[in-house]
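Below is one structure, written out as structure tokens; the observations come after it.
The values are calculated or read from the model by the stated rules, or taken from the named source; none is laboratory data. Note that this is a predicted model, so its numbers are computed, not measured. When we count neighbours, we look across all protein chains shown, and the Cβ atoms used for this are built from the backbone with ideal geometry, even at glycine.
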Amino acid sequence: MKQLNDQELASLHVKFVVPMVVSQMLQGIEPLDDVAEYTLHDVIGSLEPDTALLCIALCSQHIAAHAAHMPTALALGAKADKIVDEYGPLWLAHESGNTPLDNHTLHQILCHIPEDLESLTKWLGDTGSELDETLAVPAILCDILALQADSHKDCAEYALGHTEEQPHQRPIEQITGAQINGNNVIPFPQPAL
């Protein structure tokens with residue numbers, strides 16, 4: 001697993017935008033009001049599960065850094081770092097046109113999306129519960145991200161279940177961000193047919 005350098009990490013933040021907004025909310029630069037909450041739910045909810053996983057992990061890194069004094073936040077940060085390091089290079093490789101993955105390798109990576117989303121849901125929930133008493137903004141962000149991670153986990157499980165049941169009728173790119181419908185979808189490499 002290749003660790004992202006600072007430039008690559010910054011590139012992911014710029015492409016996804018939501019993690020930058022979350023960072024600004026944690027710093028008090030941007031407000032976290034009802035409209036902002038709705039917008040975060042709407043933007044993250046419209047993503048494909050693979051895209052949402054990477055986006056939520058990037059946001060989780062900011063929350064973990066903001067609450068680094070808490071053991072649950074440290075665990076959240078470790079999980080988020082692992083996800084970003086695993087899926088980030090894949091996204092960047094595809095964006096640059098360098099996608100040497102075959103269908104089997106791609107499926108091996110993407111089949112872990114539901115469990116990674118479930119893990120983020122757990123650590124965001126635990127961190128949010130501990131923050132609830134002291135830091136309202138990070139606690140609300142944890143709740144939003146945990147809800148979205150849980151929702152996307154269900155979508156990913158359903159899509160992967162269909163792919164495994166009907167492997168020739170439903171290519172794997174249908175459960176990934178390979179179908180580009182805007183800048184908010186990670187265009188994972190399409191498998192060779």
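Worth pointing out:
- Inside the stretch 82-116, residues that are in a loop (DSSP other than H, G, I, E, B) and either within 23 Å of GLN7 (Cβ to Cβ) or at pLDDT 70 or above (or both) make up a count of 8.
- Scanning the stretch 29-66 for residues that are within 13 Å of LEU120 (Cβ to Cβ) and of a type in the set (S, T, N, Q) turns up SER60, GLN61.
- For the stretch 135-171, a tally of residues being at pLDDT 75 or above and either under 13 Å from the mean Cα position of the chain (by Cα) or outside any loop (DSSP other than H, G, I, E, B) (or both) returns 23.
- Number of the condition not met by PRO49 [criteria: (1) at pLDDT 90 or above; (2) crowded, with 23+ Cβ neighbours inside 10 Å]: (1)
- The stretch 26-46, subset part of a loop (DSSP other than H, G, I, E, B) and aliphatic (A, V, I, L, M), residue surrounded by the most Cβ atoms within 10 Å (Cβ to Cβ): LEU32
- Contact annotation: residue pairs with Cβ atoms under 7 Å, 6 or more positions apart or on different chains, pairing a residue in the stretch 10-25 that is part of a helix (DSSP H, G or I) with a partner that is modelled with pLDDT of 90 or more and among the charged types (D, E, K, R), are VAL21/GLU30; GLN24/GLU30.
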